[in-house]
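Notes follow the structure.
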Amino acid sequence: MPGKLKVKIVAGRHLPVMDRASDLTDAFVEVKFGNTTFKTDVYLKSLNPQWNSEWFKFEVDDEDLQDEPLQITVLDHDTYSANDAIGKVYIDIDPLLYSEAATVISGWFPIYDTIHGIRGEINVVVKVDLFNDLNRFRQSSCGVKFFCTTSIPKCYRAVIIHGFVEELVVNEDPEYQWIDRIRTPRASNEARQRLISLMSGELQRKIGLKVLEMRGNAVVGYLQCFDLEGESGLVVRAIGTACTLDKLSSPAAFLPACNSPSKEMKESPLVHPPSHGCRSTHNSPIHTATGSRLTQNFSVSVPTLIYTGMGSGSAGKEGGPFKALLRQQTQSALEQREFPFFTLTAFPPGFLVHVGGVVSARSVKLLDRIHNPDEPETRDAWWAEIRQEIKSHAKALGCHAVVGYSESTSICEEVCILSASGTAAVLNPRFLQDGTVEGCLEQRLEENLPAGCGFCHIPYDELNMPFPAHLTYCYNCRKQKVPDVLFTTIDLPMDAAVIGKGCLIQARLCRLKKKAQAEANATAISNLLPFMEYEVHTQLMNKLKLKGMNALFGLRIQISVGENMLMGLASATGVYLAALPTPGGIQIAGKTPNDGSYEQHISHMQKKINDTIAKNKELYEINPPEICEEIIGSPIPEPRQRSRLLRSQSESSDEVTELDLSHGKKDAFVLEIDDTDAMEDVHSLLTDVPPPSGFYSCNTEIMPGINNWTSEIQMFTSVRVIRLSSLNLTNQALNKNFNDLCENLLKSLYFKLRSMIPCCLCHVNFTVSLPEDELIQVTVTAVAITFDKNQALQTTKTHAEKSLQRASTDNEELLQFPLELCSDSLPSHPFPPAKEHLESASSNSGIPAAQRATSVDYSSFADKCSSWIELIKLKAQTIRRGSIKTTVTVEKASPVGEGNFRNRSAPPCANSTVGVVRMTPLSFIPGAKITKYLGIINMFFIRETTSLREEGGVSGFLHAFIAEVFAMVRAHVAALGGNAVVSYIMKQCVFMENPNKNQAQCLINVSGDAVVFVRESELEVVSTQQPAATCQPSCTGGEVTT
Amino acid sequence: MTSELDIFVGNTTLIDEDVYRLWLDGYSVSDAVALRVRSGILEQTGATAAVLQSDTMDHYRTFQMLERLLHAPPKLLHQLIFQIPPSRQALLIERYYAFDEAFVREVLGKKLSKGTKKDLDDISTKTGITLKSCRRQFDNFKRVFKVVEEMRGSLVDNIQQHFLLSDRLARDYAAIVFFANNRFETGKKKLQYLSFGDFAFCAELMIQNWTLGAVGEAPTDPDPQADDMDMDLDKEFLQDLKELKVLVADKDLLDLHKSLVCTALRGKLGVFSEMEANFKNLSRGLVNVAAKLTHNKDVRDLFVDLVEKFVEPCRSDHWPLNDVRLFLNQYSASVHSLDGFRHQALWDRYMGTLRGCLLRLCHD
């Protein structure tokens, strides 16, 4: 009996009138946990009852504490008939089970009824006394912390990142049980809510056990999902990354939880002179597989698609042996794991060594009717299969690990598409093991990690490439090979050298399919999938080129299945990576060259495309430095770039033709217009309207190129459903409708948020579903953050400053630290920031006149200098000449000033009243510091109505419901003592309507991390580090206190 | 392709002031969209009409959901569903309870009943204010009336406390409630020249001096809250006013009063001769108004009577406002020198208020 749960019901307010005669209510409360129920007295005739109950005490196992939610029911007492329920509150007491989080839950909770929505509020106090349990074979996993955040949480440090944890539990869906025919919709909804609450508690406990087995103490990037499989049941599944986290003791030092490369160097006795070389290699293909294994011995095989658009080249010579060593190390670290997957999207510096490209796998399954809740093996096996596939794809790319990993499903009737995707990567073993890495290797590792471009270098052997790729020498370090395009599912590494700003890029696609049953349906879907993947990829590639960019981050491809169509929606954030080559333009080629007017039309189109590219380059400030061809080394010639379909070994030999994807020839990305379809494609390329001026958007945590966020944030959810006219639907019309839907939605968002300009929509998360035959539903959740326009103009400068800041603080903290550090961090930066630095350094009065003169000289020389290498050496020299002290003052001076200015110019916080809870899908709050994580918020709600018209139709109904969900999330966070939810995500929003019956139902599942944050302006010390650190959630290379 | 569902929900509820105004003014969504288009917003933002339509719909829906809370503003402050910064909450409430001058003039002093509500169509056509807006304003009046009707304490304070209105608006509502409660006639043609502000000014004076609450404010009262009712005129006071009749009924007293006033004002008044000629009529008028106030019907006609008996005669003789002031001051003060008159306090309570009202009513 290791726990005592104590609950006190204080008061209620704004209760609904339950007695028409008196216009009042005789309310009382039932408090239930497990099988024990307590009741308060009836408070007669009041809409604001004051119960002030005793403490209700539940003595329970900690296993139950984890699984069960506390259930509070408010009822209206009725002497003659049954008591009427007013509504319920479910409280997840998990946050009280680990010591660092909340100690008490106390506050006003909305009383929720699945039919009437929120009906007043109730004030509750909950406490838990937990006794130490020494039982080694316990079933509970109290104390394991859970985070939805997909990076190491702000006030923690990652000691070890253990790896992938997953679990799923299954049950019958109460909505489909026989009893549902005789019970009320309310009873059925409540049964469902309770069951899901119970299941997610159980799931979390089981995952926690796995983490304890791995000797971890936390799960980061925890993602829990529900599959409503209808008659075949309800699946709750979760994935996450097990970690051992250390709480950072000193809150004053706002430090991301990770070791910086410089730290490593300090620790080691031998400090090598920094090398500017890049010793390993990397690439960026998309590696996709579409598998389909059906139950009932029915199997359809679909070819595995590996596509990329690159040529091949020769290896960087120095890299060879080292790479092998590194690989060996990592391999041994990862081999113990069944799946070397990580749900993280941002990493401690040095963790991510190389990125291979996107790997994804899909599989079409038929849901089986027979169901045994205690044996979820089939579902387990399905996912195991997919993960195995992902693993092998990653291996094919020369990677041992998959990062930014996620899983999803799309269900329509009995067909289910399982999808998994991630980014193949090579990781630094240091974080994966506990003290097994010898210092020597670590040393080499550090010096081989050029900041800003290292992750772009191809991880696979050039001579033994899994696919044809187009490689060039890295434009940053010139030593290693890089692909011409890089696709990833992770956030942009904070140290990546980026030119200009990023933007949201979406590929949208619909495909009609015949209505069919069971196997035939599954087969049809399986056959369509590879083509969809291919087209989505082509669209992404075209749009990326049109933007003049060369890399995609945060790529998320969603394929949804409906009765008569499939939808594909890919979102990603395009950026221009300084390390990758400048993308070539798009060239249009006609099929009938003899036709004069046709020719003219083509050239007109070509001109339009070229104009668009030029405009985009200007819009996103993409001005890569001019570099002489000789120095870069010309791209390795490759006769024909193409992607092809490969057959994965596991698949049976279906007839698959090689598809000519014609991607990638550096300067001629040819679009052949051979039919109207292609024409449409080109048109659709040009229909995407850029956001109005002052707006930027991305689907990653932060917008590349903007660092100076101000504190105003606005999180929102927008939902649209359109009905397609059922008459003669064609793929083209569908595509147009879908495209318009998404574009109009974005336009509406820009319009609505116009008062926030200049601002950026971050973490734009689109979800598409097909709730019914002719309905398309798109749900968007994002956060709009304002930023300071004046500072935004100097993005490159701030970038340089930030890293210098880092260096300078290091220096300050450890004065014995050698000079080399500074020169180390500098050369790794691309040309423009370095130059900026020189200028700012030279103009500062802190430098003696003579030295200043030299600096100026050098920088002006640097201006003209076209050779990259030379420039780097030059800079290193400059810095060495100046004394380290000078550098420190120089670098400290400017950020402080800027910080102060920012604080002054920031609008006074209008929302200072108690009770304001901010919500954001990001892992950080701009202009503020997270001081405490209070626990995970994971809530599931059902709302149903039988008076749809009266509630304002479908829009009114859903609008109210979403507002209520926000309110309930905020109330729970406030009760935990928090003032914000970070990493908020609406994982599900299933909406069903029946207008003829005047009915509608909606299910919403949300999650996030409840936190306490403190405004930077409220902190006494304005650390120079903070603004940068908060803007870069993936953590700048701050110093870890020892 | 038709949009079945289209919503936007922010963690902080977005309030567009312009759209709020259109909504309050009772425009339908399509009218509001048309008006917004005309305002040139499309050109400014580069948005399309469809975007504007969707945006307007969304705001209207939000306002509809907020309306329930606006009916009891303290609820808006404590509710959890909409996260709205305090300054915005205040704006929402203030604007919701604001009313149109033209409208309030139509219903001021009328019983806030279903019957009046039925006449709102006519008021709408007459004033050009949409019926929807008329209904909102009418319902606001009625709601405030219902809530403070049975309450003790200062009317303005009660309104402020229960509706969180600004001081100014709370005072206006106090006047509206006071007028509705006493059913003062304000709609007669001869009263048309008076603005709501004129009436509100009089209402405030009357609340301060002629109600039960006014008595309660006397420092001698041991329990000021006991009978502090601001809504109703002090019945006892009205009854006592009959005693003033002696001022005109007793011929000697009237003559003495006249001579006192005339002596004091001789040479100071531009309209002295007119005043002298009219004195008895004016005095009779003012005193008779007081004496009649025991009957509800005459209370209702108070303003009609004042205008008929005092304002119109002055106006026909072209009294300058300053002369009116001098006259009224002297007229009230001289009574203190009438030895045979015993109701000095009563006279002051009556005339003090009336003097203020009359001065306000004397304009074109």
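The values are calculated or read from the model by the stated rules, or taken from the named source; none is laboratory data. Just so you know, these numbers come straight off a predicted model, no measurement behind them. Heads up, the Cβs are rebuilt from the backbone with ideal geometry, glycines too, and the neighbour counts pull from every protein chain shown.
Looking across A:Gln641, A:Gln649, one residue alone is crowded, with 19+ Cβ neighbours inside 10 Å, at pLDDT below 50 and polar (S, T, N, Q). It is A:Gln641.
Determine whether the range A:83-100 contains at least one residue that is within 14 Å of chain B (Cβ to nearest Cβ), β-branched (Val, Ile, Thr) and touching a Phe, Trp or Tyr at 6+ places or on another chain (Cβ under 8 Å). Spell out the reasoning first.
As a first pass, look at the range A:83-100 and keep what is within 14 Å of chain B (Cβ to nearest Cβ): A:87, A:89.
Imposing the further condition that a residue be β-branched (Val, Ile, Thr) reduces the set to A:89.
Right, trim to touching a Phe, Trp or Tyr at 6+ places or on another chain (Cβ under 8 Å) and you get A:89.
Within the range A:83-100, one or more residues are within 14 Å of chain B (Cβ to nearest Cβ), β-branched (Val, Ile, Thr) and touching a Phe, Trp or Tyr at 6+ places or on another chain (Cβ under 8 Å).
For the range B:30-42, state whether one or more residues are closer than 29 Å to A:Asn737 by Cβ, in contact with a strand residue (DSSP E or B) (Cβ under 7 Å, 6 or more places away or on another chain), crowded, with 20+ Cβ neighbours inside 10 Å and not hydrophobic (A, V, I, L, M, F, W, C). No, the range B:30-42 has no match at all.
When only residues in the range A:765-794 that are in contact with a Pro (Cβ under 9 Å, 6 or more places away or on another chain) and more than 14 Å from every other protein chain (Cβ to nearest Cβ) count, which is modelled with the highest pLDDT? Out of the qualifying residues, it is A:Asn765.
Yes/no matrix, rows are residues, columns are (1) modelled with pLDDT under 90; (2) over 22 Å from B:Leu260 (Cβ atoms):
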| position | (1), (2) |
| --- | --- |
| B:Asn296 | yes, yes |
| B:Val299 | yes, yes |
| B:Leu306 | no, yes |
| B:Cys314 | yes, no |
| B:Arg325 | no, no |
| B:Val335 | yes, no |
| B:Gln344 | yes, no |
| B:Gly356 | no, no |
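For the range A:928-965, which positions are in a loop (DSSP other than H, G, I, E, B) and either buried (at least 24 other Cβ atoms within 10 Å of the Cβ) or more than 9 Å from every other protein chain (Cβ to nearest Cβ) (or both)? If the condition is that a residue be in a loop (DSSP other than H, G, I, E, B) and either buried (at least 24 other Cβ atoms within 10 Å of the Cβ) or more than 9 Å from every other protein chain (Cβ to nearest Cβ) (or both), then A:Thr946, A:Ser947, A:Leu948, A:Arg949, A:Glu950, A:Glu951 are the ones that fit. In this entry, A:Ala570 passes the filter for residues that are assigned to a strand (DSSP E or B), in contact with a strand residue (DSSP E or B) (Cβ under 7 Å, 6 or more places away or on another chain) and under 27 Å from A:Ile609 (Cα atoms). Answer yes or no: is there a residue in the range B:238-249 that is within 24 Å of the chain's Cα centre (by Cα) and either crowded, with 18+ Cβ neighbours inside 10 Å or under 14 Å from B:Phe341 (Cβ atoms) (or both). The answer is yes; a qualifying residue exists.
Only one entry of B:Lys268, B:Lys292, B:Lys280 meets the criterion of being among the charged types (D, E, K, R) and either touching a residue at least 60 places away in the same chain (Cβ under 8 Å) or closer than 20 Å to B:Ala203 by Cα (or both), and that entry is B:Lys292. Here B:Ser54 passes the criteria (1) surrounded by fewer than 19 Cβ atoms within 10 Å (Cβ to Cβ); (2) hydroxyl-bearing (Ser, Thr, Tyr); (3) touching a helix residue (DSSP H, G or I) at 6+ places or on another chain (Cβ under 9 Å) except the one numbered (1). Scan the range A:738-794 for residues that are β-branched (Val, Ile, Thr) and either under 19 Å from A:Phe924 (Cα atoms) or in a helix (DSSP H, G or I) (or both) and jot them down. Scanning the range A:738-794 gives A:Val764, A:Thr781, A:Val783, A:Ile785, A:Thr786.
Just wondering, is there one or more residues in the range A:684-705 that are facing chain B (nearest Cβ under 10 Å), within 27 Å of A:Val1006 (Cα to Cα) and at pLDDT below 90? No, the range A:684-705 has no match at all. Restricting attention to the range A:61-73, does a residue exist that is out of contact with any Asp or Glu (no Cβ under 7 Å at 6 or more places or on another chain) and assigned to a loop (DSSP other than H, G, I, E, B)? Looking for residues that are out of contact with any Asp or Glu (no Cβ under 7 Å at 6 or more places or on another chain) and assigned to a loop (DSSP other than H, G, I, E, B), one finds at least one in the range A:61-73, hence yes.
Filtering the range A:1-21 to residues that are touching a Gly at 6+ places or on another chain (Cβ under 9 Å) and outside any loop (DSSP other than H, G, I, E, B) leaves A:Gly12, A:Arg13. What are the residue pairs meeting all of these: first residue in the range B:9-28, first residue within 11 Å of chain A (Cβ to nearest Cβ) and within 21 Å of A:Ala960 (Cβ to Cβ), second residue of a type outside the set (Asp, Glu) and assigned to a loop (DSSP other than H, G, I, E, B), Cβ atoms under 6 Å, and 6 or more apart or on different chains? From the range B:9-28, the pairs are B:Thr13/B:Phe82; B:Thr13/B:Ile84. Filtering the range A:201-246 to residues that are under 15 Å from A:Gln988 (Cα atoms) and assigned to a strand (DSSP E or B) leaves A:Leu223, A:Gln224, A:Cys225, A:Phe226, A:Asp227, A:Leu228, A:Leu234, A:Val235, A:Val236, A:Arg237, A:Ala238. For the range A:718-752, filtered to residues that are more than 8 Å from chain B (Cβ to nearest Cβ) and of a type in the set (A, V, I, L, M), the residue that is surrounded by the most Cβ atoms within 10 Å (Cβ to Cβ) is A:Leu746. A search for C-beta distances below 8 Å between a residue of the range A:980-1000 that is within 25 Å of A:Ile936 (Cα to Cα) and any residue that is of a type in the set (Phe, Trp, Tyr), counting only pairs 6+ apart in sequence or on different chains, returns A:Ala980/A:Phe1013; A:Val982/A:Phe924; A:Ser983/A:Phe147; A:Lys987/A:Phe226; A:Gln988/A:Phe226.
Among residues belonging to the range B:81-97 that are more than 10 Å from chain A (Cβ to nearest Cβ) and among the aromatic types (Phe, Trp, Tyr), point out the one that is farthest from B:Gln160 (Cα to Cα). My answer is B:Tyr96.
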